[in-house]
Amino acid sequence: MRPEQIIARLFRKKTAQTFDCPPKEKLPRHIAFIMDGNGRWAKKRGLPRSAGHAAGTEALRELIRTVSDIGIESMSIYAFSTENWNRPTEEVQALMKLISRYFLSEIDELIEKNVRITILGELDAFPDEQKQALIQAMERTRLNTGLKLNIALNYGGRAEIVRAAGLLCEKCVRGEIKPGDVNAELFDECTYTHGQADVDLLIRTGGDERISNFLLWQCWYAELIFEDVFWPDYTKQKLFEDLNIYAGRDRRFGRVKEK
Ligand code: IPE
Ligand code: IPE
Ligand code: MG
């Protein structure tokens, strides 16, 4: 075989590699996504940033379906951070519109898929109509027993921790607990994700390697994967590839490795 044929074959093999989903016992109980890179995806194509956000919702739709189908318990997605309010007003408005529209178009399928929606974040900051739609989405899916889908909206990890501290103070003032009772379990009860597993795997697309104030409490021992692809290009195949990487990780939780 000629060298160029060998190279061609190797290259074909590499690009054609496909990944299967790992077995259930190797999957994370809780997977979280920092869906980053929508703006750059659009810029690369000469489109407005809002087009990137719209393309991002398409990727999200496929991913929620897949994560729900393979039987992961919890999925958290970062849709809008407490710091994202500092973006230009038009972008914030376009994002809000997109989020509302997304909910309206998806809610029936999510209900059908037995998905339970929890919004992580302070809803009072949203216009009344949108706030009601979000509360309704939580209400309508409250009794569902499938995937727990956490949507972080106006969410910040610090804000969540400060909120939890405030709730604990209130319990103390009401005499329900004493300051000395406060421990990690009681603290966890005051987080938005109470009752769910801690994040096992956090995936960030877009090439940056930081947490950007996402699930600071829940990610304490999370495995981290940083993907170069922009969020709209993140596919089911990429997810399976990342799940295989996760399945191969050695998680020690501070212990020494068992033989
Ligand atoms: C992430 O994409 C989506 C949100 C923050 C809502 P960005 O809008 O941050 O896209 P980049 O990082 O600027 O490319
Ligand atoms: C994180 O992305 C927030 C969301 C994906 C919603 P950002 O684009 O806001 O984060 P930084 O500014 O790059 O850290
Ligand atoms: Mg970004």
Sites Ala125 and Thr89, calculated FRET efficiency, Cβ-Cβ separation with R0 22 Å, nearest 0.05: 0.95
Volume of the Cα convex hull of the range 156-196, divided per residue and given in Å³: 65 Å³
Coordinate range along principal axes, alpha carbons of the chain, Å, largest first: 81, 55, 35
Entries of Lys44/Lys238; Lys113/Lys257; Lys43/Lys148; Lys26/Lys171; Lys24/Lys44 with Cα pairs more than 29 Å apart: Lys113/Lys257; Lys43/Lys148; Lys26/Lys171; Lys24/Lys44
By average C-beta atoms within 10 angstrom, highest first, the peptides 224-232, 86-94, 28-36, 43-51: 28-36, 224-232, 43-51, 86-94
Axial C-alpha extent at least 20 Å, average Kyte-Doolittle at least 0.5 - helices from the chain (DSSP): 157-173
Lys, Arg +1 and Asp, Glu -1 on Cβ, resulting dipole of the chain about Cα centre, debye, nearest 20: 980 debye
Distance (nanometres) between label positions extended 7 Å along Cα→Cβ at Asn183 and Ile111: 4.2 nm
Cα lying deepest toward the dipole's positive end in the range 114-259, options Asn183, Leu149, Cys172, charges on Cβ: Asn183
Per residue, the convex hull volume that the Cα atoms of the range 1-152 enclose (Å³): 152 Å³
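Each value in this text was obtained by applying a stated rule to the coordinates, not by laboratory testing. Small disclaimer: the values here were computed from a predicted structure and weren't measured. We place every Cβ from the backbone using ideal geometry, glycine too, and count neighbours over all the protein chains shown.
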